[in-house]
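Enquirer: Right, I'll just put the structure down here and ask away after.
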Amino acid sequence: VLIIIFLVITALTTISLIVATARVTIAVTQPVMTLRDIVTSINEGHIDEAIPPMTGGSREVNQVYNSFAKLYKIVRFSNTAFFSGNLDWALKFLHDALKLFRNIDDTKAIGVASNNLGNAYLSLYLRKKSDGRCQQHDGECVRRSALLYYSEAVNIAFANYESAVSDINQDKGMTALYASQLANR
């Protein structure tokens, strides 16, 4: 009888621990999987208006989600402003995005934002073409600003490419894909 009671208690305890562990695992991983799905959707271009809401998760995961949502909105607003011809707003949003990307030290995002700033300044330069003097926008030479941001984007892309090339012996296919993505930037 004692052996049966012991086995029943052991089985119930084991089942309880498995259920509790499964719940904790799901509670921790589900929000992270949601973040991954959001990033995948954005990379594939499937998100049109806003980032889907996320429920649950730890404070840290929610902070990452909120930061990502803010960055996504800034980039969307800057792209909308740029393509609608409002370069002043595009520049403001892009400068804000670059500041945020620098704060989180995301070199790929810094490179993309720098490239987009270069494009915005180049468009401003082409729009205001003048007699060869340095055109000013908010106290900055437009042509010089475009070149500085392009240089930063190229330098970051080159450093990322060199890092990928150094790992060429490990996975040649991934290096080629990564190099192709950098070339597109």
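Enquirer: What are the ³J(HN,Hα) values, in whole Hz, obtained from phi via the Karplus relation 6.51 cos²θ - 1.76 cosθ + 1.60 with θ = phi - 60°, for each residue of segment 82-98 in sequence order, with x given for Gly and Pro?
Expert: Once rounded to whole Hz, the list reads 4, 6, 8, x, 8, 5, 4, 5, 4, 4, 4, 5, 5, 5, 5, 4, 4.
Enquirer: For segment 49-153, with the dipole built from +1 on Lys and Arg beta-carbon atoms and -1 on Asp and Glu ones, taken about the Cα centre, which of 135, 101, 55 lies farthest toward the positive end?
Expert: Of the options given, the answer is 135.
Enquirer: Taking a probe of 1.4 angstrom, what is the accessible area of residue 107 in Å², to the nearest 10?
Expert: Its heavy atoms expose roughly 60 Å² to the probe.
Enquirer: What does the highest-first list of 69-82, 18-31 look like by mean Cβ count within 10 Å?
Expert: Details: 69-82: 17.4, 18-31: 11.8.
Ranked from most to least packed, the peptides come out as 69-82, 18-31.
Enquirer: Same structure, new question: So what does residue 68 come to for accessible area, using a 1.4 Å probe and Å² rounded to 10?
Expert: The accessible area of residue 68 comes to roughly 60 Å².
Enquirer: Continuing with the same structure: Provide, for segment 1-155, the number of lysine pairs with alpha carbons under 15 Å apart, each pair being eight or more places apart or on different chains.
Expert: Eligible lysine pairs with Cα atoms under 15 Å apart amount to 5.
Enquirer: Okay, next question. Assuming 0.36 nm per residue, please report the length gained on full extension of the stretch residue 23 to residue 60 beyond their Cα-Cα distance. Write down the numbers at each step before the final one.
Expert: Values: separation 37, 0.36 × 37 = 13.32 nm, distance 1.88 nm.
This chain segment gains 11.4 nm when fully extended.
The values are calculated or read from the model by the stated rules, or taken from the named source; none is laboratory data. For clarity, every value in this text was computed on a predicted model and none was experimentally measured. Neighbour counts are summed over all protein chains in view; Cβ atoms, including those assigned to glycine, are modelled from backbone coordinates with ideal geometry. Only protein heavy atoms, including side chains, enter the accessible area calculation; ligands, DNA and RNA are left aside. Shrake-Rupley method; radii C 1.70, N 1.55, O 1.52, S 1.80 Å.
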